[in-house]
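In what follows, a structure is listed as structure tokens, so that the remarks can point back to it.
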Amino acid sequence: MHNIGSYDERIQGFSWEIAERELDYQPGNVINIGWYITDRICQMGKGDKLALIWEGLGGKEKRYTYNDIRQLSNTIGQFLRDLGIQPEQRVCLFLDRIPELYIGFAGIIKTGAIAQPLFSAFGDESLLVRLENAETTAVITQKKHVGKIRKILDKLPHLKHIIIVDDNGKSPLQEREVAFNMEEAARVDQFEIQPTLAESPSVLHYTSGTTGMPKGVKHVHCSLISQYLTTSWVLDLKDDDIYWCTADPGWVTGTSYGIIGAWAMGVTQCVSDVGFSAETWYKFIERHRITVWYSAPTAIRSLMKAGDELVRQFDLSSLRHLASVGEPLNAEAVIWSNKVFGLMFHDSYWQTETGSIMISNYPGMKIKPGSMGKPFPGVTGAVVDPETYEQIQETGKIGLIAFRPGWPAMMRMYWNNEATYKGKFKNGWYIPGDRAYIDQDGYFWFVGRDDDIINTGGHLVSPFEVESALLEHPAVAESAVVAKPDFVNMEVVKAFVCLKPGYVASDELELEIMNFIRKKLSPLAMPQDIEYVPNLPKTRSGKIMRRVLKAKEWGEEIGDTSTLEDD
Ligand code: WT7
């Protein structure tokens, strides 16, 4: 039987107390996510059970029991406390998917500090704006990434410690740097965990904004209540499952469901730090006998492209439940997965801001391929009119997705950005900024984003950030950045660029500009295509009309540009 039982029965008389009871938590009590995902599982008698199976390049493998991750997170916590890290200070994890990332996350949280995970492929500019905005106190990183931090150190007066987890003593440490080796450090068995409460901050994730700089989404310890119950009811994890979440903890899926959810349930999870190829992924599932797999549409489409024949070369019979998130999961991908794995990917919808799954297809519920499913029990979801923010009752009519605030994992603020945070609430609804419609059976169908943000392979990229970075290239006078269609990534970044006088358009310059953005921002933000143009379409007040360029890319009607020109 599925953990959720019957969806329709679960929505009747739902209360988050169901999760609180399973977590032995009573409102008002201490709640620390770090304790819940390590110590509590050991107290339940699962100390010797595997918590983490990790695989790195060259066939390297490491295994950790729940008792290992309990002690090692204590060890990291103690090290941070000895450095003087205080509760609520921000400690950034700037690491590849190595065990220190997962266990370090728990360690930071045990001290009461706020974990700030950042994608390790970020370039120095991406890193700078996020560390500056958060006034981060310490960064935990690897030697290979420390150069990017050294480059921006002068601009970060709040950054007191750079903790290097793989220092081998060969090159001298520089200003503010300190070495810490998790495996070699004396293990700390007893650690006084900070008695955080429901509203104590836990995690700070950065997400791209439409017009401004990235926003720091603040989460709190009681987010665990939502994360625990959604893991149970959507991902359906059971004690003997071997679970694989393919997301990087630099993004929210990788923390909510790639660290917290599965460990809070005491399940064994696998991590691969090898990178993507269809063959490596299938081998990984086969070798570890993965049973539950949470992934993303871009990966699924890449697997589709690799062909059906390849699937047959592996024994994937261990798989029993598949789920997906991050971008539209097209019906073809669901049908394909049913053909080759005998299982459909269950689409789920949520955001960095929502902290946990909001709309989903549940095990045992009828799947309509292409639909995101229905709101999680306890979540009131609707589609509202974009002008009045009144709920749309009419079936099939497109509007903005809206949720009634109140679920535990909801963000508590945008760091240092109260105005933008407030702007997300309208007429008593939280508005995620996506368009959808609801069909006659209550299923939600995603239509598109309500802004210019590009969703490339499930990662949000702000055109504004890319345009700002492009301006720093000596050849660029101005630019407009939009989404361009792509089979695998759904959308990729495309830049329209006007060159400064004296610069000549060429393929070499295109490569140079692409590389410039990759290094400064990240490989995700790098334009896959640069088109040189003599000028850009603008409104009378000089605002660039990205919409016109985007419509052209997608072969859509441009619509009434006379009104656009009026702003
Ligand atoms: C945005 C949130 C938390 C998941 C990882 C991304 C888009 C998310 C779906 C889906 C269509 C989706 C939305 C959303 N999105 N899930 N199932 N179908 N679009 O978190 O980086 O905060 O992005 O991703 O546009 O607002 P994120």
**Near-label residues of the range 1-23 by backbone N, under 19 Å of a point 7 Å along Cα→Cβ of THR395** = 8
**Asked** If you stretched the chain out fully between PHE487 and ASP48, how much longer would it get, using 0.36 nm times the residue separation minus the C-alpha to C-alpha distance?
**Response** 153.6 nm
**Request:** Take the Cα of ALA186, step 7 Å along the line toward its Cβ, and report every residue of the range 77-118 whose backbone nitrogen sits under 13 Å from that point.
**Result:** 79
**Request:** Output the peptides 261-271, 25-35, 130-140 sorted from most to least packed, where packing is the average of other Cβ atoms within 10 Å over each peptide's residues.
**Result:** 261-271, 130-140, 25-35
**Request:** Eight or more residues apart or on different chains, and alpha-carbon atoms under 20 Å: count the Lys pairs in the range 454-554 matching that.
**Result:** 15
**Fill in**
Here the percent of antiparallel bridges among DSSP beta bridges lying wholly in the chain, to the nearest 5, is 55
**Total formal charge among the other residues, if their Cβ is under 9 angstrom from that of SER120, Lys/Arg +1 and Asp/Glu -1** = 0
**Request:** Please compute the net charge surrounding ASP315, taking Lys and Arg as +1 and Asp and Glu as -1 over other residues with Cβ under 13 Å from its Cβ.
**Result:** +3
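Which FRET efficiency value, to the nearest 0.05, do you get for ALA505 and PHE425 by plugging their Cβ-Cβ distance into 1/(1 + (r/R0)^6) with R0 = 45 Å?
0.50
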**Item:** Cut-off 14 Å between beta-carbons: net charge of the residues surrounding PRO249, Lys and Arg +1, Asp and Glu -1
**Value:** -3
**Request:** Quick one: compute the contact order of the range 114-228, relative version, from alpha carbon pairs under 8 angstrom and 6+ residues apart, as a percent.
**Result:** 25
**Asked** Hey, with R₀ at 45 Å, roughly what FRET efficiency would ASP273 and ASP239 work out to, going by the Cβ-Cβ distance, to 0.05?
**Response** 0.95
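Whenever you get a sec, line up THR388, THR255 from highest to lowest accessible area (probe 1.4 Å, protein heavy atoms).
THR388, THR255
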**Prompt:** If the label point is 7 Å along Cα→Cβ of ASP441, which residues in the range 345-374 have backbone nitrogen under 13 Å from it?
**Reply:** 361-362, 364-374
**Complete:** The simple spin-label model distance between ARG289 and GLU88, using points 7 Å out along Cα→Cβ, in nm, is 4.8
**Request:** Can you tell me the dipole magnitude for the chain around its Cα centre, using point charges on the Cβ only (Lys, Arg +1; Asp, Glu -1), in Debye to the nearest 20?
**Result:** 680
**Message:** Modelling each spin label as a point 7 Å along the Cα-to-Cβ direction, I'd like the LYS519/VAL178 distance in nm, to one decimal.
**Reply:** 3.2
**Complete:** Long-range share for the chain, i.e. C-alpha pairs more than 40 Å apart as a percent of all pairs, stands at 24
**Prompt:** Mind listing which GluC sites (Glu not before Pro) in the range 356-459 are in a DSSP loop and have 14 or fewer other Cβ atoms within 10 Å?
**Reply:** GLU387, GLU390, GLU394
**Prompt:** Which of the lysines could a cross-linker bridge to LYS374, judged by Cα under 18 Å and excluding same-chain residues fewer than eight apart?
**Reply:** LYS366, LYS397
**Message:** If I model a spin label at ALA306 and GLU472 as a point 7 Å from the Cα along the Cα→Cβ vector, what separation in nanometres do I get?
**Reply:** 3.5
**Complete:** Rounded to two decimals, the Debye log10 I(q)/I(0) of the range 300-446 (Cα scatterers, no solvent) at q = 0.11, 0.13, 0.16 Å⁻¹ is -0.49, -0.65, -0.88
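Compute the Cα gyration tensor for the range 24-92, then decide on rounded, prolate or oblate, letting a ≥ b ≥ c be the square roots of its eigenvalues: rounded whenever a/c is under 1.5, prolate when a/b is larger than b/c in the other cases, and oblate in all that remain. It would help to have the intermediate numbers written out before the result.
Working: a/c = 2.40, a/b = 1.24, b/c = 1.93.
It comes out oblate by the Cα gyration axes.
Which shape class applies to the range 454-554: rounded if a/c is under 1.5, otherwise prolate when a/b exceeds b/c and oblate if not, where a ≥ b ≥ c are the square roots of the Cα gyration tensor eigenvalues?
oblate
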**Item:** Burial ranking of peptide ranges 472-481, 342-351 (average Cβ count within 10 Å, highest at the top)
**Value:** 342-351, 472-481
**Burial order of peptide ranges 64-73, 100-109 (average beta-carbon count within 10 Å, highest first)** = 100-109, 64-73
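The values are calculated or read from the model by the stated rules, or taken from the named source; none is laboratory data. Note that the coordinates shown come from a computational prediction; the quantities given were computed from them, not determined experimentally. A quick note on method: Cβ atoms are made from the backbone with ideal geometry, for glycine too, and the neighbour counts reach across all protein chains shown. The accessibility values were calculated without ligands, DNA or RNA, using every heavy atom of the protein model including side chains. Shrake-Rupley method; radii C 1.70, N 1.55, O 1.52, S 1.80 Å.
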